[in-house]
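Take a look at the structure set out below.
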Amino acid sequence: MATTANVHQTKWWSGGKSPFNMEYGKLMMWYFLMSDAFTFGAFLISYGSIRFSQNFWPDPNVVFNAFPGAGHANLPLAFVSVMTFILIISSVTMVLAVHAGHKGDKQAVVKWLAWTIVGGLAFLSCQAWEWHHLITGEHATLIDGQIKMVGQTTAVNPWGDLASASAVADALKNTSHETLVQLISSHDHSFSHEQLAGMSQEKLMSMVNAADLHIRENGPVAFGGYFYGITGFHGFHVFSGVVINIVMLIMTQKDIFQKRGHYLMIEKAGLYWHFVDLVWVFVFLCFYLI
Amino acid sequence: MSTHFDPTQHISSSAAYPEVSFYEHTDDATFKKKVRKTTILLSVITIIELAIGLAIYTIHKGENPSALLVLMFKGAVCILTLAKAYYIVSVFMHLGDEIRNMIMTIVVPLMLFIWFIIAFIADGNSYKNLRNKYDKHFQESTMPAKHHSAEEKPADAGGKQ
């Protein structure tokens, strides 16, 4: 078998073998992930570009300070750190699933893939809660010379600079009766909502102390579009990753990989899942930390 | 029998080359140790990042926020994030275990980001400076005011609903 020996001595690029020592599908998954990295990179850099073009940008610790079940407690970074750890742990369970696949251990693959899916669903639930909280939140904001109760949307940002006491005092004159009732009932619990609603505009305005309200101006509108756009695009990746993992789980259960002789598909799904975790690391940095 | 060498004769039809490794060569104990080490490392870096995030929050709330200190903390968080990315890609995604040719086809194109980030951040910054210089209304209406007296500082910044 002299020819065999010759073939093995050839150089990487002289043909006859994969110069990257990698299966085709896995190599293409890497190149897809590289292009996806540029997509996410372009989004995040565009966000950075707009942020640097503004004199004021909301402080993430002020925007993201809520925690499910904690009411109005001020807990900056708490909930997003839970989301980050969920994704790190699900990445670890995916590593274990891929490793079990290398050993051909079907039961272990099923176990770790199932935990990875649970982690992905937990992350998506967290994101759903966070979005819901941001969109439906009612923050007293100084917009067009009057105070309005608004949430974070792509059209309005309630986290601008703190408005001056004089501007707030002027704005109160133009503010609707209903908003005044909401404003007072949110921090003064000595009257019921019905009692306040029955009071006159003048009475309500005399109860409001402009200096105590800490009302903010309408902040940069681009904040909402970028936040929902980029975390939404990442969330869509998590969702498709969960779907891919479920397909992998079903294929494993049906012994498809066992018959094929290898679990390379699990490895490719694993690469995608780790990439989702990798992107979150940067989304976490750009939106929540700096 | 032909002496022609068929590299695919002993493996399944879905794999083209015999040297493609379907099985890891590291033993179980080494692998588990490596994964445990990386998990702890990623968790510790995340906790440090959170601590820095809270430190920035405290500085912002303080009487005289130091812009330089905030910038240094933000730089530190960026470096820690790059460290996290390195560990995820090299250990979890096993890129560190691939051969050099392969690693380079992934890493070299990503170098484009160095220009990409610097150019576009600088562009945004320059746009802001030009607008502040020539559009005084923009500057006056968006520049954070220095009118906040101590009593106006929010105890729970923006936490109301």
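The values are calculated or read from the model by the stated rules, or taken from the named source; none is laboratory data. This is a predicted model, so every value here is computed, not measured. Because the Cβ atoms are built from the backbone with ideal geometry, glycine has one as well, and the counts that use them run over all protein chains shown.
Test B:Ile48 against the stated conditions and say whether it is assigned to a helix (DSSP H, G or I), at the interface with another protein chain (Cβ under 8 Å from one of its Cβ atoms), farther than 25 Å from A:Leu96 by Cα and at pLDDT 95 or above. So B:Ile48 fails the test. The set of residues in segment A:67-109 that are of a type in the set (Gly, Ala, Ser) and more than 8 Å from every other protein chain (Cβ to nearest Cβ) comprises A:Gly69, A:Ala70, A:Gly71, A:Ala78, A:Ser90, A:Ala97, A:Ala100, A:Gly101, A:Gly104, A:Ala108.
In segment B:26-40 there is at least one residue that is surrounded by 12 or more Cβ atoms within 10 Å (Cβ to Cβ), at pLDDT 55 or above and part of a loop (DSSP other than H, G, I, E, B). Screening B:Met102 against (1) at positive phi; (2) in contact with a Pro (Cβ under 9 Å, 6 or more places away or on another chain) leaves a single unmet condition, (1).
Evaluate the following for A:Asn61: is it modelled with pLDDT under 90 and within 9 Å of another protein chain (Cβ to nearest Cβ)? Yes, satisfied. Just checking, does segment A:233-256 include any residue being at pLDDT 95 or above, of a type in the set (Ser, Thr, Tyr), over 16 Å from A:Val95 (Cα atoms) and within 23 Å of the chain's Cα centre (by Cα)? Within segment A:233-256, one or more residues are at pLDDT 95 or above, of a type in the set (Ser, Thr, Tyr), over 16 Å from A:Val95 (Cα atoms) and within 23 Å of the chain's Cα centre (by Cα).
Would you mind stating whether A:Leu289 is touching a strand residue (DSSP E or B) at 6+ places or on another chain (Cβ under 8 Å), surrounded by 15 or more Cβ atoms within 10 Å (Cβ to Cβ) and at pLDDT below 95? Against the criterion (touching a strand residue (DSSP E or B) at 6+ places or on another chain (Cβ under 8 Å), surrounded by 15 or more Cβ atoms within 10 Å (Cβ to Cβ) and at pLDDT below 95), A:Leu289 does not qualify.
Here A:Trp115 clears all of (1) touching a Lys or Arg at 6+ places or on another chain (Cβ under 9 Å); (2) of a type outside the set (Ser, Thr, Tyr); (3) modelled with pLDDT of 95 or more except the condition numbered (1). Residues that are facing chain B (nearest Cβ under 9 Å) number at least 1 in the following helices (runs of 4 or more DSSP H) confined to segment A:199-290: A:256-260, A:264-283. When each of A:Asp105, A:Asp144 is tested for being within 25 Å of A:Ile184 (Cβ to Cβ) and among the acidic types (Asp, Glu), the lone residue that passes is A:Asp144. Cβ-Cβ under 7 Å, sequence separation 6+ or interchain: first residue in segment A:157-180 and touching a residue at least 60 places away in the same chain (Cβ under 8 Å), partner outside any helix (DSSP H, G or I) and surrounded by fewer than 17 Cβ atoms within 10 Å (Cβ to Cβ). Which pairs? So the pair list comes out as A:Asn157/A:Val221; A:Gly160/A:Phe56; A:Asp161/A:Phe56; A:Asp161/B:Pro144; A:Asp161/B:Ala145.
All of A:Val62, A:Val110 fail the test of being among the β-branched types (Val, Ile, Thr), in a helix (DSSP H, G or I) and more than 30 Å from A:Asn218 (Cβ to Cβ), apart from A:Val110. Of the residues B:Ile103, B:Ile117, B:Ile121, only one is closer than 19 Å to A:Phe32 by Cβ, out of contact with any His (no Cβ under 9 Å at 6 or more places or on another chain) and surrounded by 15 or more Cβ atoms within 10 Å (Cβ to Cβ); which? Unique residue meeting the criteria: B:Ile103.
Just checking, does segment B:117-124 include any residue being of a type outside the set (Ser, Thr, Tyr) and under 30 Å from A:Ala165 (Cα atoms)? Looking for residues that are of a type outside the set (Ser, Thr, Tyr) and under 30 Å from A:Ala165 (Cα atoms), one finds none in segment B:117-124, hence no.
B:Lys84 meets all of the listed conditions (1) facing chain A (nearest Cβ under 8 Å); (2) modelled with pLDDT under 90 but one, namely (2). Being of a type in the set (Asp, Glu) and over 27 Å from A:Pro60 (Cα atoms) is a property that A:Glu178 has. Of everything in segment A:46-58 that's within 7 Å of another protein chain (Cβ to nearest Cβ), part of a loop (DSSP other than H, G, I, E, B) and in contact (Cβ under 8 Å) with a residue 60 or more places away in the chain, which residue is surrounded by the most Cβ atoms within 10 Å (Cβ to Cβ)? In this case the residue turns out to be A:Gln54.
Close Cβ contacts (under 6 Å, 6 or more residues apart or on different chains) running from residues in segment B:89-117 that are at the interface with chain A (Cβ under 8 Å from one of its Cβ atoms) and in contact (Cβ under 8 Å) with a residue 60 or more places away in the chain to residues that are buried (at least 16 other Cβ atoms within 10 Å of the Cβ) and part of a helix (DSSP H, G or I) are absent.
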